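This report concerns only the one structure given below.
Readers should treat all values here as calculations from the given coordinates under stated rules, not as data from a laboratory. Nothing here was measured: the structure is a model prediction, and the numbers come from that model. So basically every Cβ, Gly included, is an ideal-geometry build from the backbone, and we count neighbours across all protein chains shown.
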Amino acid sequence: MITVRSQAPEIPERGRPCGQGRRARLAATAVLVLLAAGCQSRSPETTGSIGSGLSALGFGGGTSGPRTISRREVDALGAKYTSDPNDLGTAMRYAQGLRATEQTTQAVAVLQQAALRNPKNSAVLAAYGKALAEVGRLQEAAEVLQNAHTPAQPDWRVLSAQGSVADQLGDHARAQAFYDAALKIRPDEPTILSNLGLSYALARRLDQAESTLRRAVGQPGADARVRQNLALVLGLKGRFPEAEATLREVLPPEEAAANAAALRALVAQPNSWKAIQAADKTARKANPPRG
């Protein structure tokens, strides 16, 4: 039996917009653009990043996302779901549409009912776990995702999602173990490598973060977001010209320069790591894992 707790999503604290604190927040906001860009794409093949990155940032590179869906299409799915809530296919499509249109609380409610009706369906549990993570119900997400596959039949997508949740909970060692297990199933998958690299960065293991992200960049399936994540880590190491050069490979020159300047300002702050960790959590919610 799946236990569902009533819990409101976490809301990031907001500081007063003045002086040095305001400058730090502006820098963190600019870096947040990189963090969100570093999250996984929204296809079923991806699971989030650490935020998702610097998170899930399930959650970073990945495959292209699905087609967009209109509110009218979601409303039509909702009407069909209301007429027959036991139709699992409709329930899953409706929940996916709700998540795609940022109606995450409603998506969780639909997936909760689907999971209660289908407590052994791995696909349902995986989607439900990711949706719980999306609204900040991390402990519940961890419990549900643990039951979304078995040791005998592990799913690399679920493992990556578990890693994203562990990173958000601050347990980076556990997160990295999940990513390593996922890589044994899907070697050199750029989405997993990017998650792992950013997890190393959150744990302040920047050399490993850089080498892992360079490995991710070299994979055929890597997209621009993986390179942006690498630039972020290079900036954290103080190699700002190299970070900007990396950004210029995937961004217009003005945007690359602005992001590099924001990153430089953030790293210069005495509490930069706290700002980065806060931005990571916000990025996961801004661009959560899909599928």
Give the peptides 231-243, 188-200 in descending order of average Cβ contacts within 10 Å, highest first.
188-200, 231-243
For Ala258 and Asn121, extending 7 Å from Cα along the Cα-Cβ vector and measuring point to point gives, in nm, a value of 4.4
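Highest mean first, how do 70-80, 96-106 rank when packing is the count of other Cβ atoms within 10 Å averaged over residues? Intermediate results must be reported in sequence, preceding the final value.
Details: 70-80: 14.3, 96-106: 19.0.
The packing order, highest mean first, is 96-106, 70-80.
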How would you rank 122-129, 206-213, highest first, on the average number of other Cβ atoms within 10 Å across their residues?
122-129, 206-213
Loop only by DSSP, 14 or fewer other Cβ within 10 Å of the Cβ. Give me the trypsin sites (Lys or Arg not before Pro) in the range 117-221 that pass, ordered by residue number.
Lys120, Arg204
Set of aspartates and glutamates with alpha-carbon distance to Lys130 below 20 Å, sequence-local pairs under 8 removed:
Glu10, Glu45, Glu102, Glu140, Glu143, Asp155, Asp167, Asp171, Asp180, Glu189, Asp280
